[in-house]
Amino acid sequence: MIKSLSNLEALDAVKKEYAKKIALLKREIIVCAGTGCTANGSLKVYEELKKQIENAGLNLVVKLDFEEDKKDPHYVMSSGCQGFCQMGPLVTIEPDHIQYVHVKPEDVNEIVYTTLVGNKLVDRLLYKDPVTQQSYKGTSSIPFYARQQRTVLKNCGHIDPNSIFEYIGKDGYYGAYKALTEMSDEDICNNLLLSGLRGRGGGGFPTGRKWDLTRIQPGTKKYIVCNADEGDPGAFMDRSILEGNPHSVLEGMIIAAKAIGADEGYIYVRTEYPLACRRIKEAIAEAERFGLLGENIFNSGQNLKIHVMEGAGAFVCGEETALIASIEGKRGMPMPKPPFPAQSGLFGKPTCINNVETLSAVPLIIFNGPNFFKSMGTEKAAGTKTFALTGNVANTGLIEVPFGTTLREIVMNIGGGVLNDKGEVDPDAFKAVQIGGPSGGCLTKEHLDIKLDYDNLLSVGAMVGSGGLVVMNNSTCIVSVARFFMKFTQNESCGKCIICREGTKQILALLDDIQNGDATLETLDLLESLALSVKAGSLCGLGKTAPNPVLATLKYFRAEYEEHIINKRCPTKQCKALMKPEILPDKCKGCRVCVKTCPVGAISGDLKKPHVIDDKLCIKCGACAQVCRFNAIIGVA
């Protein structure tokens with residue numbers, strides 16, 4: 001279908017052909033094939049759809065290069081992440097604007113004969129509000145989607161990520177053509193500055209400024225690097241873009257290469273993302289095949305060769321200089337700045353490093369103009385931001401909202417509300433949100449109406465980070481949360497600077513003392529002082545931000561820390577060392593099995609009546625809990 005894409009006429013021809021094919025379709029049946037849905041069996045759904053559509057006598061196509069004499073073709077396509085991970089596997093049907101949730105292979109026959117043949121809805125597969133039980137037909141009405149403003153994610157879940165044809169049909173590579181044939185390098189940098197785009201990897205540095213700093217460096221050899229080393233626990237924004245719209249990242253790198261004067265680039269992606277690795281490699285091969293990568297792109301004189309480097313999963317390699325060292329074959333350890341990568345980066349040459357989301361936004365800005373992007377968000381934080389919404393929230397998944405959106409809008413409306421321990425939506429169950437991953441901080445009830453942007457979050461001791469949002473309910477122990485993130489960063493410390501290597505160990509040890517009942521109030525003062533020292537003295541961003549969860553939770557939940565220390569009690573009953581052994585009377589059946597099992601005779605009670613534990617005699621061996629069939633015993637090992 002495509003032979004070469006060397007000029008605007010070729011792009012226009014592809015776009016026209018795409019529109020023509022789409023117009024001929026009777027339906028598009030789009031199966032989410034992102035990592036989450038794939039893990040839940042969506043590829044089996046995809047295969048079953050193809051089989052059942054043919055069995056029903058409908059015309060099946062799996063690529064848009066079908067013969068035009070096919071009557072009412074049904075296009076079955078596997079897409080990238082559609083975002084609503086909580087409800088996967090997802091099947092979207094267009095132009096009917098239907099989305100079915102939790103689809104299993106055994107549901108396919110009903111979908112085909114009820115919807116595709118009978119033009120009726122399968123009500124049981126529609127999304128239902130967990131509180132009102134109201135059914136929603138599709139993405140235009142489901143609150144999870146309707147309250148978002150999907151810009152960078154617009155094509156994710158709507159095009160075949162393996163098809164350059166479909167990407168161009170959605171205006172793909174037009175931004176690259178404009179940049180390479182109509183704009184100077186300085187024009188490109190100025191457009192990005194005017195758009196207000198800031199780095200989406202956490203730092204928030206103006207992208208146009210970063211590009212310009214690299215552009216003005218002397219030398220003929222420069223590099224553009226895409227940082228796809230997304231290591232935050234619970235974060236999957238960059239992964240989803242690489243899986244669902246990989247050509248947008250390549251187009252952003254082409255534009256960046258023109259702006260800074262680079263002819264070679266690297267995409268550094270962690271090897272734990274096998275699907276993302278495969279799809280970006282396939283996209284590179286496809287772009288090379290049609291002349292969009294390689295030599296003399298669009299006959300502009302611009303050359304660009306892109307390599308994929310698979311990282312081994314070291315969190316510290318998300319830091320620019322550690323990432324550079326890893327690409328060079330060295331151990332991933334940060335280096336002091338200056339010199340900055342723009343001055344001396346990969347192989348000692350000027351290098352510009354941007355994350356996946358930043359690069360994916362660039363083609364939209366160049367194609368639509370800077371005002372398009374600046375019209376969204378806030379004055380100091382233009383555009384939209386993707387977030388991975390997880391934790392104790394009704395609707396988990398990948399979302400995109402303009403900067404300035406409140407935390408309440410994200411958690412209570414897009415997220416559908418906070419879940420209590422019974423799995424019910426309960427607004428009173430909200431405790432906190434950890435934002436920005438292990439480098440971020442906690443937001444509490446008093447922050448629900450804060451407008452999320454770089455400056456507002458910094459003012460309350462948090463940060464945007466790469467975009468992780470973990471919602472916690474009242475049953476979450478805040479000390480355990482701080483320890484979880486500190487354990488992560490302590491494990492991921494490269495060990496180069498002593499204050500990070502040893503300081504994070506000592507912070508972790510102090511948190512262990514608090515959870516084990518061995519701390520005093522002086523422990524809190526020492527913990528805070530040590531955290532501030534690690535923050536101030538560490539060499540790179542990992543160490544400087546590692547204490548953030550501790551400092552934030554100390555600031556907003558100090559009383560919970562003090563409860564652990566003074567009363568030797570965990571309010572949420574999550575810290576086992578502080579739990580008093582107890583038999584829950586509403587669960588105990590009085591079977592006396594635990595009485596017979598206890599090696600020290602600490603349990604007493606009459607037959608068929610609730611038993612009790614003498615906590616002075618109990619040695620917390622856990623033998624009673626192991627034999628209890630009713631889960632009535634808590635507070636033991």
* Net charge near Gly41: determine it from the other residues with C-beta under 14 Å of the C-beta of Gly41, scoring Lys and Arg +1 and Asp and Glu -1. => -2
* To do: Evaluate the relative contact order of the chain (contact order divided by residue number), counting alpha-carbon pairs under 8 angstrom at least 6 apart; express in whole percent.
  => 11 percent
* Net charge over other residues, Cβ less than 15 angstrom from the Cβ of Pro218 (K, R count +1; D, E count -1) -> +2
* Distant-in-sequence amide H partners of Met463 (H built 1.01 Å from N, under 5 Å) -> Gly441
* Structure fact -> Checked the stretch 113-170 against the a/c 1.5 cut and the a/b vs b/c comparison, axes a ≥ b ≥ c from its Cα gyration tensor; verdict oblate
* Count neighbours as other Cβ atoms within 10 Å of each site's Cβ, and list the trypsin sites (Lys or Arg not before Pro) in the stretch 561-633 that are DSSP loop with at most 11 such neighbours. => Lys608, Lys616, Arg629
* Asked: So how strong a dipole does the chain carry about its Cα centre when Lys and Arg Cβ are +1 and Asp and Glu Cβ are -1, to the nearest 20 debye?
  -> 1200 debye
* Asked: From the residues Gly138, Ile98, Gln148, which one has its Cα farthest along the dipole of the stretch 94-155 in the positive direction, the dipole being from +1 and -1 charges on Cβ of Lys/Arg and Asp/Glu about the Cα centre?
  -> Gln148
* Asked: Which far-off residues, 5 or more places away or on another chain, put their amide H under 5 Å from the one on Thr396, with H placed in the peptide plane?
  -> Gln86
* Asked: Of Thr520, Pro206, Cys477, which is farthest along the charge dipole of the chain in the positive direction, counting Lys and Arg as +1 and Asp and Glu as -1 at C-beta?
  -> Thr520
* Asked: Once phi is turned into ³J(HN,Hα) by the Karplus curve 6.51 cos²θ - 1.76 cosθ + 1.60 with θ = phi - 60°, what whole-Hz value does each residue of the stretch 111-118 show in order, with x for glycine and proline?
  -> 4, 5, 7, 7, 9, 6, 8, x
* Computed [θ] at 222 nm, deg cm²/dmol, the chain (DSSP H ≥ 4; -39,500 (n - 2.57); rounded to nearest 500) -> -10500 deg cm²/dmol
* Asked: Can you work out the FRET efficiency for the pair Arg501 and Glu68, with r the C-beta to C-beta distance and R0 = 51 Å, to the nearest 0.05?
  -> 0.20
* Structure fact -> Packing-ranked peptide list from 10-18, 131-139, highest mean Cβ count within 10 angstrom first, is 10-18, 131-139
* **Relative contact order computed over the stretch 1-150 (Cα-Cα under 8 Å; 6+ residues apart), in percent** => 23 percent
* Nearest 10 degrees, 0 to 90: helix 478-492 Cα axis against the chain principal axis -> 50 degrees
* To do: Would you mind working out the magnitude of the charge dipole of the stretch 421-471 relative to its Cα centre, with +1 at each Lys and Arg C-beta and -1 at each Asp and Glu C-beta, to the nearest 20 Debye?
  => 140 debye
* Asked: Using the alpha-carbon centroid of each, what span in Å lies between the stretch 483-513 and the stretch 1-77?
  -> 50 Å
* Arranged from highest to lowest average of other beta-carbon atoms within 10 Å per residue, in what order do the peptides 484-491, 331-338 appear? -> 484-491, 331-338
* the chain - share of DSSP beta bridges that are antiparallel (%, nearest 5) -> 55 percent
* Asked: Tell me, what ³J(HN,Hα) does each residue in the stretch 346-356 have, in order and in whole Hz, if you take phi through Karplus 6.51 cos²θ - 1.76 cosθ + 1.60 with θ = phi - 60° and put x for Gly and Pro?
  -> 4, 6, x, 9, x, 9, 10, 10, 10, 8, 4
* Got a sec to turn the phi values of the stretch 495-501 into Karplus ³J(HN,Hα) couplings, 6.51 cos²θ - 1.76 cosθ + 1.60 with θ = phi - 60°, whole Hz, x for Gly and Pro? -> x, 5, 9, 4, 5, 7, 4
* Which residues' amide hydrogens lie under 5 Å from the amide hydrogen of His307, considering only partners 5 or more residues apart or on another chain, with H built in the peptide plane? -> Gly265, Tyr266, Ile267
* Mean Cβ neighbour count within 10 Å, used as a protection proxy, ranking 371-381, 247-257 highest first -> 247-257, 371-381
* Asked: Normalised by the residues of the stretch 474-529, what does the relative contact order come to in percent, with Cα pairs under 8 Å and at least six apart?
  -> 31 percent
* Fraction of antiparallel bridges per DSSP, the stretch 242-313 only, in percent to nearest 5 -> 20 percent
* Structure fact -> By the C-alpha gyration tensor axes a ≥ b ≥ c (rounded if a/c is under 1.5, else prolate when a/b exceeds b/c, else oblate), the shape of the stretch 148-211 is oblate
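Taken together, the values in this text are just the output of simple stated rules run on the coordinates, not laboratory data. Because the structure is a prediction, the values reported are computed rather than measured. Virtual Cβ from ideal backbone geometry, glycine too; neighbours counted across all protein chains shown.
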